[in-house]
Amino acid sequence: MERTQKQLFGIVGVPPLAVMEELAANRSDIVDLDEPQGRIDLETASPFLPRVYCGILRTVIANCLAVKPDVIYIDTGAGKCDCAVHTATVLEDILPQTTIIRTKNQDSCDFGIPLCKARMNLVEKMSAITSGVQLIAVEQEIIPCQPTAGFWGVPPRDFSLLSLFPDTTHIYGWARCMENKTPDNTEMECHYNSDIPTVFFAQSFCAKTALARHLAGKHPHGLYLDCDVTAGNSAKSKIQAFLELSGVTI
Amino acid sequence: MLLADFGTSYCKLLDTESDKPPTLIPTRDLDRKNIQVDIATGHNGKRYATQYVNELTALARGGLSLIDEPSFTLLDCGSRDIKYVIYEEGIIKDMGWNAECGASMGFTIELLEKYYTIDFANLEIPKSSFSITCGVLGMSHIFDAVVTGESEAKAVAKFVKGIALNAYNFAKHPEKIYLSGGLCDNPLFVGSFPCSVVPLGRFVLLEGLQTPSAR
């Protein structure tokens with residue numbers, strides 16, 4: 001990534017709105033460190049985090065090493081995860097030139113979830129939600145569609161698994177909290193729609209696997225799924241078969 | 001219409017316009033240059049078919065066609081992988097496909113059968129088993145046991161039982177398992193499950209390709 005004179009700010013998780021407003025007011029350059037930033041070798045994270053660790057946080061470390069932001073806002077509250085707490089400690093040690101600022105986002109002002117309910121290609125929809133973290137204005141009103149399937153969980157490390165869902169898939173779980181800008185919202189995170197077949201997804205080695213599996217068990221027509229860095233044939237086949245066998249038209 | 005289940009070790013073919021039963025061909029003997037079917041499932045099936053059906057979908061549809069119960073667990077133990085589907089009151093409830101950690105279990109059983117010239121029909125089901133999560137890695141248990149004086153046949157039997165227990169746990173340890181795949185013909189394997197087992201044979205996925213929703 002080409003560097004300018006301006007400072008580069010990295011974000012991990014969903015920083016509090018006040019932080020994003022300040023960055024926006026200063027027209028700061030922001031990089032979302034949760035998402036792969038080009039062709040960066042994930043193995044560069046291995047000296048600093050175990051290989052058997054959340055693929056997203058391994059991505060964070062690999063991104064930080066490659067991009068070297070000047071300042072990193074990393075949410076270490078309940079709106080992210082315990083693993084991020086330890087990742088912040090690692091970052092402080094391995095990037096002495098970078099200012100690491102830990103946040104605990106407890107924002108409770110609902111921004112709405114129009115994207116989660118929109119008729120839209122699920123990859124594009126999830127991309128819009130993740131890039132929406134950097135927006136400080138409320139999304140435009142979008143007419144919600146009638147859902148035929150549900151995706152519950154976090155934005156996956158590998159978005160290709162989302163390509164198997166129909167455009168009429170509603171998003172639930174932490175990704176919904178993300179769009180609403182209330183990442184620490186357990187009630188919203190635990191919400192699902194019992195009337196539609198739903199895939200409950202979590203990254204392998206993430207604490208949210210417990211919640212995903214628990215809710216999939218409670219849901220009358222839910223499938224629990226976890227996968228690590230990339231969605232393999234097995235994970236994709238499970239999604240495809242589950243939707244097909246549930247009568248969902250793709 | 002020609003249907004095929006292209007397995008790693010064996011291919012199963014069925015001509016729906018013929019009265020003949022399905023044919024079984026070792027995959028290594030397949031005429032790869034000339035084979036073309038209408039609907040296929042299985043490893044490499046996409047290369048030889050007009051229409052491809054996901055293996056889990058084919059397994060589930062085969063189960064729905066062959067099992068006259070609204071709730072069931074159907075486990076397919078293949079050469080390279082194991083997979084299962086669970087139906088509850090007619091609704092798909094869970095499924096799994098283990099192609100990595102449960103890899104090559106069927107393949108290694110066949111390999112050991114030939115290497116040690118063992119007749120599995122004459123082997124007693126052992127009381128204990130090896131802890132097996134992967135066919136290839138699990139073989140070291142056999143060699144270790146043989147070195148310490150265990151007979152080859154008994155060591156292989158413990159290996160096979162370990163594989164059956166691993167597959168049983170993978171399928172969420174149900175009270176009854178409907179079993180699919182070539183290992184249905186292995187009495188030691190079938191008898192090693194700690195639950196009731198109903199072998200359905202190796203043509204369950206082919207059956208799944210015959211259901212109207214597959215076409």
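Things worth noting here:
- Label-zone membership for the range B:57-74, site residue B:38, 7 angstrom Cα→C-beta point, backbone N under 17 Å: none
- Report summary: the helix-based calculation at 222 nm, which adds -39500 (n - 2.57) for every DSSP H run with n ≥ 4 and divides by the residues of chain A, gives -9500 deg cm²/dmol.
- Rg then Dmax, both in Å and based on the Cα atoms of chain A: 17.7, 55.
- Cα gyration tensor, the range A:1-112 - rounded (a/c under 1.5), prolate or oblate: oblate
- Neighbour cut-off at most 13 other Cβ (10 Å), DSSP loop, GluC sites (Glu not before Pro), the range A:91-153: A:141
- Chain A: angle of helix A:122-131 to the longest principal axis, Cα-based, in degrees nearest 10: 30 degrees
- Based on DSSP H segments of at least four residues, each scored -39500 (n - 2.57), chain B has a per-residue ellipticity at 222 nm of -9500 deg cm²/dmol.
- Remark on the range B:113-159: hydrodynamic radius 10.9 angstrom, per the Kirkwood mean of 1/r across alpha carbon pairs.
- In a DSSP loop and with at most 11 other Cβ atoms within 10 Å, the trypsin sites (Lys or Arg not before Pro) in the range A:29-129 are A:39.
- With both labels modelled 7 Å from their Cα along Cα-to-Cβ, the residue B:127 to residue A:248 distance reads 4.9 nm.
- A Förster radius of 60 Å combined with the Cβ-Cβ distance from residue B:119 to residue A:39 puts the calculated FRET efficiency at roughly 0.65.
- Modelled spin labels at residue A:140 and residue B:137, positioned 7 Å past Cα toward Cβ, are 5.2 nm from each other.
- Screening chain B for whole DSSP H helices with an alpha carbon extent of at least 18 angstrom along the helix axis and a mean Kyte-Doolittle hydropathy of at least 0.0 yields B:135-147, B:152-170.
- Overall form of the protein assembly as shown per C-alpha gyration tensor (a/c, 1.5; a/b vs b/c): prolate
- The range A:152-234: C-alpha gyration tensor shape, a/c 1.5 cut-off, then a/b vs b/c: rounded
- Amide H to amide H, with H built 1.01 Å from N, residue B:37 comes under 5 Å of B:49, B:50, counting only residues 5 or more places away or on other chains.
- Karplus-derived 3J(HN,Hα) values for the range B:15-22, using 6.51 cos²θ - 1.76 cosθ + 1.60 with θ = phi - 60°, are 9, 6, 9, 10, 7, 6, x, x Hz; glycine and proline are entered as x.
- Label-point gap, in nm, between residue A:101 and residue B:175 - each point 7 angstrom along Cα→Cβ: 6.0 nm
Computed from the coordinates by the stated procedures, all read-outs in this text should not be read as laboratory data. If you're wondering where the values come from, they're calculated on a predicted model, not measured in any experiment. Note: ideal-geometry Cβ built from the backbone for every residue, glycine included; neighbour counts use all protein chains shown.
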